[in-house]
Every structure is written in structure tokens, then in C-alpha cells.
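Structure first, then comments.
The values are calculated or read from the model by the stated rules, or taken from the named source; none is laboratory data. This is a predicted model, so every value here is computed, not measured. All Cβ positions, glycine included, derive from the backbone under ideal geometry; neighbour counts span all protein chains shown. Accessible surface is based on the protein model in full, side chains and every heavy atom, while ligands, DNA and RNA are left aside. Shrake-Rupley method; radii C 1.70, N 1.55, O 1.52, S 1.80 Å.
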Amino acid sequence: MKKCNQNIQNICDYIDGELDGSLCEEIDKHLKECRNCRIMVDTLRQTVVLCREGRQEHLPAEIENKLNDALRRKWEKKFKK
Ligand SMILES: [Zn+2]
């Protein structure tokens with residue numbers, strides 16, 4: 001089983017709907033077994049929705065840090081292409 005931090009990058013793509021079928025299944029499987037990542041996905045989804053609606057909500061610091069880290073890595077990956 002993959003560790004959570006190996007899934008963060010994929011979870012971003014998972015939420016964006018950009019993830020391959022097989023990786024998507026891997027995340028689904030991990031989410032069933034891992035409460036932390038489920039919370040993260042829920043939070044990330046909410047954040048994405050709130051951003052699209054132009055609203056903001058204060059997130060728990062720990063989740064916000066993880067989120068920022070994941071998003072930063074995602075952006076770095078995009079800009080390096
Ligand atoms: Zn996890």
C-alpha cells in the first residue's frame with residue numbers, strides 16, 4: 001500500500017478529474033482504507049468549490065499546510081513542463 005504522501009499529488013489530479021483510470025482506482029482503494037486522505041479529499045473538494053464560487057473559508061492549519069504543499073507541487077510540475 002502506498003503511503004499518504006505518495007498519494008497527495010495524485011489526489012490533486014483525482015479531484016481535477018485528470019487522473020488515469022488505473023491510478024484513480026488506486027486512490028479509490030487508498031481512500032477506503034485511509035481516513036486522513038478521505039478528509040483531505042473532502043477538504044480539497046470543498047476548497048475547489050469555494051474557490052470557484054469566489055468564497056473562502058478558514059481551514060484547519062494542518063490541512064491547509066498539506067493542501068498548500070500539494071498545490072505548490074502540482075503547480076511546480078505544471079510550470080516545469
Ligand atoms: Zn492516506
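Out of region 45-76, which residues are open to solvent by less than 100 Å² (accessible area, probe 1.4 Å), at pLDDT 75 or above and not aliphatic (A, V, I, L, M)? Listed by number, the residues that qualify are 47, 66, 68, 69, 73, 74, 76. Scanning region 22-44 for residues that are under 12 Å from the mean Cα position of the chain (by Cα), within 11 Å of the ligand (Cβ to nearest atom) and open to solvent by 50 Å² or more (accessible area, probe 1.4 Å) yields 36, 38, 39. Residue count for region 3-17 satisfying the condition of being surrounded by fewer than 12 Cβ atoms within 10 Å (Cβ to Cβ) and either away from the ligand (no atom under 11 Å from the Cβ) or over 20 Å from residue 75 (Cβ atoms) (or both): 3.
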